[in-house]
Amino acid sequence: MILQPEEAKVSVYDRGFLYGDSVFETIRTYAGEPFALDEHLARLERSAGRVAIPLPLPRADFALEIRRAIRAARNPESYVRAMITRGSGPMGLDTGLAEKALRVVLVEPLQALPATMYRDGVAVTTFKTRRAADEVAQGAKVSNYLTSMMALKEARAAGAHEALILDGSGDVLEGTTSNVFALTQGVLVTPPEEAGILVGITRAHVLEVAGELGIPVRVERLPLETLRSATEVFITSTLREIVPVVRVDGQEIGARVPGRTTRAIHAAFRQKVGLGAEPLPWEKAGD
Ligand code: PMP
């Protein structure tokens, strides 16, 4: 059923609303097609499995519904959120109270990040409050983003674009809705899944293109000091692709401008999503 947002209704007893008892994916389109839809749906299934939410329909049928929703929205490009909640039922934490899992697909026009951010790079801050690894969710994309929200609020108050979240030992984990990479002594480093991150789909594509470009890669813990002394830093996410980071907590990174490796990886990523013939995001900003 495709509805306008003002017509769509969800119960106040929905457990996604009451307890954050839901999982989701953020997907974007290129030329109207959802990018890496299979990978997103596989991750959604893994997320649902980790918190024992039964899938309300087979993956292939959900893919069809998502494609149908995108077509109906008729946006030039879309920002899609596909979510599954455990459903509604009487209040109480017992998951058995939920009657039937609910699925919702939201489709909005995609708002690209300003081209100047790709051209000049962005500032990030590190979130003061440390985050422990969530051994229950174990990297599932569950709908509790309060840590990310508080971190982003702090970053925005400091005039930064994104916040990096650290663990108790001071290692960098990820951004509020992004993964993080640092080029240090010619090696591209990104934190491992075991550190307690969301294993990003863009991250996986970046690791692949880095390999193709012959850039040495290590998936290992990333102490804040290593990040600070890196020659290049960038963040990755579905909606933003690859964003160069030129300042961390006010301190400049490398040569203070987006680096060559970041650029090369982003250009290769654009080939991958089928935009190889288009101007690169930073070129659209002019000089
Ligand atoms: N980490 C977190 C916490 C996120 O919410 C996201 C965005 N989904 C990412 C990393 C980046 O993942 P992806 O490349 O799959 O969008």
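What the table below lists for this structure:
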quantity: Matching residues in the range 31-54 - criterion: being open to solvent by 50 Å² or more (accessible area, probe 1.4 Å) and closer than 30 Å to Leu275 by Cα; calculated: Ala31, Glu33, Asp38, Glu39, Glu45, Arg46
quantity: Wholly enclosed helices (runs of 4 or more DSSP H) of the range 145-241 bearing at least 1 residues within 13 Å of the ligand (Cβ to nearest atom) and either among the hydroxyl-bearing types (Ser, Thr, Tyr) or touching a residue at least 12 places away in the same chain (Cβ under 8 Å) (or both); calculated: 146-157, 201-212
quantity: Test set (1) away from the ligand (no atom under 13 Å from the Cβ); (2) open to solvent by 20 Å² or more (accessible area, probe 1.4 Å) - Met83 fails condition number; calculated: (1)
quantity: The range 99-138, subset closer than 18 Å to Gly20 by Cβ and open to solvent by less than 30 Å² (accessible area, probe 1.4 Å), residue farthest from the ligand (Cβ to nearest atom); calculated: Ala101
quantity: Restricting the range 14-57 to residues that are in a strand (DSSP E or B), over 28 Å from Arg270 (Cβ atoms) and of a type outside the set (Ser, Thr, Tyr), the residue that is farthest from the chain's Cα centre (by Cα); calculated: Asp14
quantity: Asp61 vs. criteria surrounded by fewer than 15 Cβ atoms within 10 Å (Cβ to Cβ), within 15 Å of the ligand (Cβ to nearest atom) and not in a loop (DSSP other than H, G, I, E, B); calculated: no
quantity: The range 233-257, residues that are more than 20 Å from the chain's Cα centre (by Cα) and of a type in the set (D, E, K, R); calculated: Arg247, Asp249, Glu252, Arg256
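The values are calculated or read from the model by the stated rules, or taken from the named source; none is laboratory data. Because the structure is predicted, anything quoted here is derived from the model rather than measured. So basically every Cβ, Gly included, is an ideal-geometry build from the backbone, and we count neighbours across all protein chains shown. Note: accessible area is taken over every heavy atom of the protein model, side chains too, but ligands, DNA and RNA are not part of it. Shrake-Rupley method; radii C 1.70, N 1.55, O 1.52, S 1.80 Å.
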